[in-house]
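The values are calculated or read from the model by the stated rules, or taken from the named source; none is laboratory data. Computed from a predicted model, the values in this text were never measured in an experiment. Cβ sites come from the backbone with ideal geometry, for glycine too, and all protein chains shown count toward neighbours.
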Amino acid sequence: MTVKRLRRLRQSENIRRLVAETRIDPSRLVLPIFVSDEAEEETPLESMPGHFHWPSSRVGLLTKQAESLGIPGVLVFGVTEDKDPGASRAFAHDGPAQQAIAEIKSSTPGMVVFADTCLCGYTDTGHCGIVENEKVLNDASVEVIARTAVSQAEAGADFVAPSDMMDGRVVAIRRALDQTRHLDTGIMSYAAKFASSMYGPFRKVASSTPAFGDRRGYQIDPHSHRQALASIERDVDEGADIVMVKPALVNLDLIKTARERFDVPLSAYNVSGEYAMVKAAAAKDWMDERRAAMEILGAMVRAGADFVMTYHALDAARWMNEG
Ligand code: PBG
Ligand code: ZN
């Protein structure tokens, strides 16, 4: 027997390219965007280097850049300091998200706009739902969430993306959208969303850290993947068009299982903490940012995600276009 020479396939750049098993291009990327009530110009975010609080009036500059790089979609987060118990800025016609969605649709009509649908950036408690006596109420929250979804659809969102983890929100949103004749507005459900440590940098940016307690009463325990599969199954039954796993990097096994089990598009959220780890290490010259980011995004696609929400979207698209 002769030596089995596997290195033959690794000899040159072009051989490696021909036999590469996972190929990613910008069509797999969605760029998250923060739009703030208070920002008068782009304001850099300390916990998320390379990202900004955008005034809604200027956010078209960013989506034009994304468009020119071949990025097909953005995920809009509204940010405000104007918080109250009923989360009124979440569904206001002139709320930060609603204004931004309209601006994005007029600057870049082809851009697919996903609107994060949640209350935590708008409640005085920082919880994802309506609170009474320090309890996060389910059904009362669902009502406000459905109303928020309709207001985002009215502003022009292509998909609403509920990230609150209340029970029954998907069916309630579908019904509310249908009743208001938003028949073509889709739902991308954060179906498998875990109570993770990985959202830290995001909460600083959205000022949505809970004032008391934590999110373990509604988000899934990070190591309970059967619960996550049940949550995905339920959301698909309730009418979700796309389901998401979040965070992605610490749940690649779930992405693979979900891909095998469900026949709807599957997205993955490469969350703020995962981004921050790469950024922090790269800043110290401990890792090469480009190679680390591409390896991570490739892993998510390889596991079975059809597309990935990532804070690396702009840079990653540039790197992919360079080849
Ligand atoms: C709001 C929301 C969060 C994220 C997306 N939507 C924060 C949370 O649940 O606390 C996290 C995004 C990230 O960390 O990148 N419900
Ligand atoms: Zn929330």
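Evaluate the following for LYS279: is it out of contact with any Pro (no Cβ under 8 Å at 6 or more places or on another chain) and either at pLDDT 95 or above or farther than 28 Å from ARG17 by Cβ (or both)? Here the answer is no, as LYS279 does not meet what is asked. Would you pick out the residues in the range 102-123 that are crowded, with 24+ Cβ neighbours inside 10 Å and small (Gly, Ala, Ser)? Listed by number, the residues that qualify are ALA115, GLY121. Cβ-Cβ distances below 8 Å connect the following pairs, each with a first residue in the range 121-139 that is farther than 13 Å from SER88 by Cα and without any contact (Cβ under 8 Å) to a residue 24 or more places away in the chain, a second residue that is among the β-branched types (Val, Ile, Thr) and more than 10 Å from ligand 2 (Cβ to nearest atom), and a separation of six or more residues or different chains: LEU137/ILE130; LEU137/VAL131. Residues of the range 127-178 that are in a loop (DSSP other than H, G, I, E, B), touching a strand residue (DSSP E or B) at 6+ places or on another chain (Cβ under 7 Å) and more than 22 Å from ALA211 (Cβ to Cβ): GLY156, ALA157, ASP158. VAL142 meets the stated requirement of being surrounded by fewer than 24 Cβ atoms within 10 Å (Cβ to Cβ), of a type in the set (A, V, I, L, M, F, W, C) and more than 19 Å from the chain's Cα centre (by Cα). Screening SER207 on (1) touching a Ser or Thr at 6+ places or on another chain (Cβ under 6 Å); (2) within 24 Å of ASP37 (Cβ to Cβ) shows it passes everything except condition (1). I'd like the residue in the range 174-211 that is surrounded by 13 or more Cβ atoms within 10 Å (Cβ to Cβ) and more than 16 Å from ligand 1 (Cβ to nearest atom) and, out of all such residues, is nearest to VAL278 (Cα to Cα). Here the answer is GLY186. One residue stands out in the range 124-139 among those that are surrounded by 23 or more Cβ atoms within 10 Å (Cβ to Cβ) and within 20 Å of the chain's Cα centre (by Cα): the one that is nearest to ligand 2 (Cβ to nearest atom), namely CYS128.
From the list ALA149, ALA153, ALA102, the one residue that fits, being under 24 Å from VAL245 (Cα atoms) and more than 16 Å from ligand 2 (Cβ to nearest atom), is ALA153. You will find that of ALA228, ALA280, the residue that is among the small types (Gly, Ala, Ser), assigned to a helix (DSSP H, G or I) and crowded, with 16+ Cβ neighbours inside 10 Å is ALA228 and no other. Per the listing ASP235, ASP164, ASP214, the residue uniquely surrounded by 22 or more Cβ atoms within 10 Å (Cβ to Cβ) and within 14 Å of ligand 2 (Cβ to nearest atom) is ASP164. Entry remark, the range 81-101: residues being surrounded by 24 or more Cβ atoms within 10 Å (Cβ to Cβ) and either outside any helix (DSSP H, G or I) or of a type outside the set (D, E, K, R) (or both) number 8 in total.
When GLY60, GLY70 are screened for being surrounded by fewer than 20 Cβ atoms within 10 Å (Cβ to Cβ), more than 16 Å from ligand 2 (Cβ to nearest atom), more than 18 Å from TYR190 (Cα to Cα) and free of Cβ contacts under 8 Å to residues at least 60 places away in the same chain, only GLY60 passes.
Pairing each residue of the range 187-198 that is closer than 20 Å to ASP214 by Cβ with any residue that is hydroxyl-bearing (Ser, Thr, Tyr) and within 13 Å of ligand 2 (Cβ to nearest atom), provided the two are 6+ apart or on different chains, yields C-beta distances under 6 Å for TYR190/SER163. Would you check if PHE34 is within 30 Å of GLU132 (Cβ to Cβ) and out of contact with any Asp or Glu (no Cβ under 9 Å at 6 or more places or on another chain)? Judged against the criteria, PHE34 is a match. Checked against the criterion of being away from ligand 2 (no atom under 16 Å from the Cβ), assigned to a strand (DSSP E or B) and not hydroxyl-bearing (Ser, Thr, Tyr), the candidates VAL308, VAL301, VAL250 yield just one match: VAL308. Scanning the range 294-322 for residues that are without any contact (Cβ under 8 Å) to a residue 24 or more places away in the chain and within 21 Å of the chain's Cα centre (by Cα) yields one hit, GLU295.
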